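Asks: First the structure, which I've put down as structure tokens, then a few questions once you've had a look.
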Amino acid sequence: MATAWIPFLEGRYSPTLDIWPIEAKEFNRIYKFYENLREGKFTTTKCKKCGRVAYPPRVICPECYSDELEWIELPKKGKVAVVVEKWGGVPICYEPPLIDAWIDLGEDSPVKHILSRMINCPPETLKEGDEVQLAVFDVPAHPIELRKETIRAERVFFAFEPVKK
Ligand SMILES: [Zn+2]
């Protein structure tokens, strides 16, 4: 039954192995991050008290513990600083290689570097200095219980991909 929600598991594993976050605002205090992604925006939180920008987004400032945070936009393009291709020990939901990159978002970005999974890029092609951009994609919806009713909560997630030349 759970397989209807999580096709890649093909009935073999429990839905607790679902790798995607439950994004519905009833269950997730950074749901705004996913709403923004859906609109094509890449965002994180900034503390209104001390100005600290944190990535990934937080619900409490890691510097001064204030919960007065605001959402700010991050660049959707960057340059590869380091790339890692994992061929072994890849989680069950991914086909190897799993490609991750440390991405330089540039001097003007409030967050200078982020780590992201890379998609739409053939193995052994990505290299330092390559331009990459945010890619938002749909992931399987999640069933949530709301007032004794089960509804399907649509979900998205993100990775980065090479900018086509
Ligand atoms: Zn703060």
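The values are calculated or read from the model by the stated rules, or taken from the named source; none is laboratory data. Since we're looking at a predicted model, the values are computed, not measured. Neighbour counts run over all protein chains shown; Cβ positions are idealised from the backbone, glycine included. Side chains are part of the model used for accessible areas, which takes the heavy atoms of the whole protein and leaves out ligands, DNA and RNA. Shrake-Rupley method; radii C 1.70, N 1.55, O 1.52, S 1.80 Å.
Asks: Condition first: touching a residue at least 40 places away in the same chain (Cβ under 8 Å), more than 24 Å from residue 38 (Cβ to Cβ) and of a type in the set (Val, Ile, Thr). Now tell me which residues in the stretch 84-135 satisfy that.
Replies: Result: 92, single match.
Asks: Which pairs have Cβ atoms under 6 Å, sit 6 or more apart or on different chains, and link a residue in the stretch 33-62 that is closer than 20 Å to residue 158 by Cα to one that is within 12 Å of the ligand (Cβ to nearest atom) and part of a loop (DSSP other than H, G, I, E, B)?
Replies: Short answer, once both residue conditions are applied: 45/58; 54/62.
Asks: Here is a follow-up. With respect to residue 83, determine if the residue is over 18 Å from residue 21 (Cα atoms) and surrounded by 17 or more Cβ atoms within 10 Å (Cβ to Cβ).
Replies: Details: over 18 Å from residue 21 (Cα atoms): yes; surrounded by 17 or more Cβ atoms within 10 Å (Cβ to Cβ): yes.
Taking the combined requirement at face value, the residue satisfies it.
Asks: Output the number of the condition that residue 146 fails; it satisfies all remaining conditions of (1) under 30 Å from residue 26 (Cβ atoms); (2) modelled with pLDDT of 95 or more; (3) away from the ligand (no atom under 16 Å from the Cβ).
Replies: So residue 146 meets the others, but not (2).
Asks: Go through the stretch 92-128 and give me each residue that's part of a loop (DSSP other than H, G, I, E, B), under 26 Å from residue 43 (Cβ atoms) and open to solvent by less than 70 Å² (accessible area, probe 1.4 Å). Give the steps one after another, and end with the answer.
Replies: Step one: list which residues in the stretch 92-128 are part of a loop (DSSP other than H, G, I, E, B), which gives 92-97, 105-112, 119-128.
Now narrow it down to the ones that are under 26 Å from residue 43 (Cβ atoms): 93-94, 105-112, 119-121, 126.
Across the stretch 92-128, the qualifying residues are 93, 94, 105, 106, 109, 110, 111, 119, 121, 126.
Asks: Next question. For residues that are surrounded by 13 or more Cβ atoms within 10 Å (Cβ to Cβ) and either more than 14 Å from residue 21 (Cβ to Cβ) or among the aliphatic types (A, V, I, L, M) (or both), tally how many sit in the stretch 153-165. Give the steps one after another, and end with the answer.
Replies: Here is the first cut: in the stretch 153-165, the ones surrounded by 13 or more Cβ atoms within 10 Å (Cβ to Cβ) are 153-162.
Now narrow it down to the ones that are either more than 14 Å from residue 21 (Cβ to Cβ) or among the aliphatic types (A, V, I, L, M) (or both): 153, 156, 159-162.
So the count comes out to 6.
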